[in-house]
Amino acid sequence: MDPEEVFAEEAQEEAGLSGSHTPDLVVETQYPLRNGDDESAEGEDENSPLMSPRRRRNASRKTPYSRARTSYERAINEPWSGAQGSHALPWYKKPSIFWLLPAFFPFCIAFGGIIVPKTYLVLDLICQDYLSDQARRDPTFHFLPVVLGDENPQCRDPEVQARVATFNLEASLLAGIFSAIISPHLGSLSDRYGRKGIIVFASLGAFMAEIITIIIGRNPGSISVYWMLAGFLLDGLSGSFTTAMALSFAYASDCSPPERRNIAFGYFHGTLFSGIALGPILAGYLIKVTGTVMVVFYVALGCHVFYIVFITLFVPESLSKERQMLAREKRRVKRANTPRKDFVTKLRNYNLFKPLWVLRPTGEGTSSALRKNLLVLAAIDTMMFGVAMGTMQILIIYAEYRFGWTAVDSSMFLSVVNVCRVLCLVLLLPLLTRIFRGPSLGGASSSGHRGADMLDINIIRGSILFDLIGYLGYALSPSGAVMVVGGMVASLGGIGSPTLQSALTKHIPADRTGQVLGASGLLHALARVVAPTVFNLIYRQTVGVYAGIVFLCLAGVFVVVFVLSWILKPNVYLHEDSVFEADQEQDSHDG
């Protein structure tokens, strides 16, 4: 029998046996007697010894509870040496980030490729509805037909722009709010049931959203554009792109030693920005060749299908059955100690921000320095993510307003900046890691989770400074060329995001990775809603005074973030040894 299957049986027995070891846990368990035991019991009398030889032999054995706890201690406290249980597996079954990256790349191309086409599709459909409504109200009103994806000067109307802005706000709220609610739960589920299935689930919403978009785009006159909001709702309910990214980081955490984890995360960020750089170029080429904007959504749908099928059939699971069972048992014991509540009570007491408490651990093995580090890292990561998400559209509008850039100019700018960002992630970050930490140990053991070191902290501080200089360049640039240089400088700050995510996972044991990254996904989802709203409001109110004011405000955000980074302390992490020592001491007393 597979060792993990043996452990699974032991962990199931732990539920009952732990009740006799833990006074405050009440679990009623019945143990069937074997025939031999039953017969021996019947043959005993008051002169029989209190413990038969068979029972003495059984008593000398370790209980399943003890074996399960020993396995748990081994899984959490031993030095990291690869995804647990994968050493004896053949290469095609051994989990690695290089299994996931080939599927993740077309997924990112689809994500980046549909940003502009979907924006223009929504604009054209809303414009068509508005003009048709005007024609119904006024029989003398005539307008040119709206061609999807083409230049439509009749849509340059303030009322159309206002309706599109309202639609985008509603779409962002639907996707962002529901993603914020579901993301932490999906992260926790991935700790208990494996990464693969949850990653696939997180991509189903985008898959269904593309189907809805295609149906609406194929029937522009008969189906309202507002049905597209259902696609954003489904995307949010499945966790959206931010959750898929967080779960990919969790997979990478399972496969990468802590001191090399920033490189693994950097590869995922590099793949993401490669998709954002190449997606618009490929989308523009396809639209030019085919003459229709809808072809982009068919290709995006194919990318989602490839992603789902490839992960389901070829990507090995990174979380062993043993670790999955450990996480399930911990949750079962926790729920057994918690009073049961009905659905209405749970709904009344629901707290959206409850998953964030994983960033403020208490009890044995924790410290105030640990809590400060986790909270500061999460705050820095959220603010930097919010700035990146909130300025994507403002940059394009700003460049068109200041320098008269066309759509082609803006696409080239985004491509240049994102190519620089990718090069930093796949070349500069691994080079820095190799110089300061030495070459990779290959199959050798790692020192395990020991918190962020000074290299992590200095990379975070340096990336913040590069972003600060880049955004000051945006605000003060006298020409388009200077703005491109500012974008290239800001792209150097791209190495900060994977380092921040990696540093978060280094502070906690491996069995809490999904929870921490799920909490990070919640913060990202909230930033995805709040940041664009605030930054667009600032830009709208100040563009008439000086268009660069919004970037000066963003530079101020980076100043605050840089100050916060000096609170971080190296080599701070969650100790669990004391908990296990207490358990062992309790066992010796029970014996």
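Figure legend. Inter-residue proximity from region 356-371: first residues more than 25 Å from L526 (Cβ to Cβ), second residues at pLDDT below 80 and hydroxyl-bearing (S, T, Y), beta-carbon distance below 6 Å, spacing 6+ or different chains. Indicated pairs: E364/S578; G365/S578. Scanning region 123-149 for residues that are farther than 13 Å from E159 by Cβ and of a type in the set (S, T, N, Q) yields Q128, S132, T140.
Please tell me if L234 is touching a Gly at 6+ places or on another chain (Cβ under 8 Å), modelled with pLDDT of 90 or more and at negative phi. So L234 fits the description; yes.
Take the conditions at pLDDT below 75, surrounded by fewer than 22 Cβ atoms within 10 Å (Cβ to Cβ) and basic (K, R) and apply them to R156. Does it pass? In short, yes. Among the residues making up region 237-278, those that are hydrophobic (A, V, I, L, M, F, W, C), under 23 Å from P570 (Cα atoms) and either under 15 Å from the mean Cα position of the chain (by Cα) or outside the structural domain of A503 (by TED's automatic domain parsing) (or both) are F249, A250, A252, A264, F265. Does region 85-118 hold any residues that are of a type outside the set (K, R) and loosely packed, with under 14 Cβ neighbours inside 10 Å, and which are they? Passing the criteria: H87, A88, L89, P90, W91, Y92, F98. Close contacts from region 218-240, counting a first residue that is within 21 Å of V295 (Cβ to Cβ) and a second that is in a loop (DSSP other than H, G, I, E, B), with Cβ to Cβ under 9 Å and a gap of 6+ residues or different chains, come to P220/V146; P220/L148.
Residues checked against (1) modelled with pLDDT under 80; (2) in a helix (DSSP H, G or I):
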site	(1), (2)
V358	yes, yes
P361	no, no
R371	no, yes
L374	no, yes
G386	no, yes
I397	yes, yes
Y401	yes, yes
S411	yes, yes
C420	no, yes
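None of G217, G205, G176 is in contact with a Lys or Arg (Cβ under 6 Å, 6 or more places away or on another chain) and surrounded by 22 or more Cβ atoms within 10 Å (Cβ to Cβ) except G176. Each residue in region 123-176 was checked for being in contact (Cβ under 8 Å) with a residue 12 or more places away in the chain, under 27 Å from V296 (Cα atoms) and part of a helix (DSSP H, G or I), and 24 of them qualify. Contact map, region 561-580: residues that are more than 14 Å from L370 (Cα to Cα) paired with residues that are in a loop (DSSP other than H, G, I, E, B) and modelled with pLDDT under 85, Cβ distance under 8 Å, separation 6+ or inter-chain. Pairs shown: D577/G365; S578/E364; S578/G365; V579/E364; V579/G365.
Could you grab me the full set of residues in region 272-302 that are among the hydroxyl-bearing types (S, T, Y) and either more than 15 Å from V416 (Cα to Cα) or not in a helix (DSSP H, G or I) (or both)?
Those that are among the hydroxyl-bearing types (S, T, Y) and either more than 15 Å from V416 (Cα to Cα) or not in a helix (DSSP H, G or I) (or both): Y285, T290, T292, Y298.
All of (1) among the hydroxyl-bearing types (S, T, Y); (2) more than 21 Å from L554 (Cβ to Cβ); (3) at pLDDT 90 or above hold for Y474 with one exception: (2).
For region 478-494, state whether one or more residues are within 21 Å of P258 (Cα to Cα), modelled with pLDDT of 85 or more and under 13 Å from the mean Cα position of the chain (by Cα). Looking for residues that are within 21 Å of P258 (Cα to Cα), modelled with pLDDT of 85 or more and under 13 Å from the mean Cα position of the chain (by Cα), one finds none in region 478-494, hence no.
The values are calculated or read from the model by the stated rules, or taken from the named source; none is laboratory data. Every value quoted in this text rests on a predicted model; they were computed, and no experiment measured them. Positions of Cβ are generated from backbone atoms using ideal geometry, with glycine treated the same way; all protein chains shown enter the neighbour counts.
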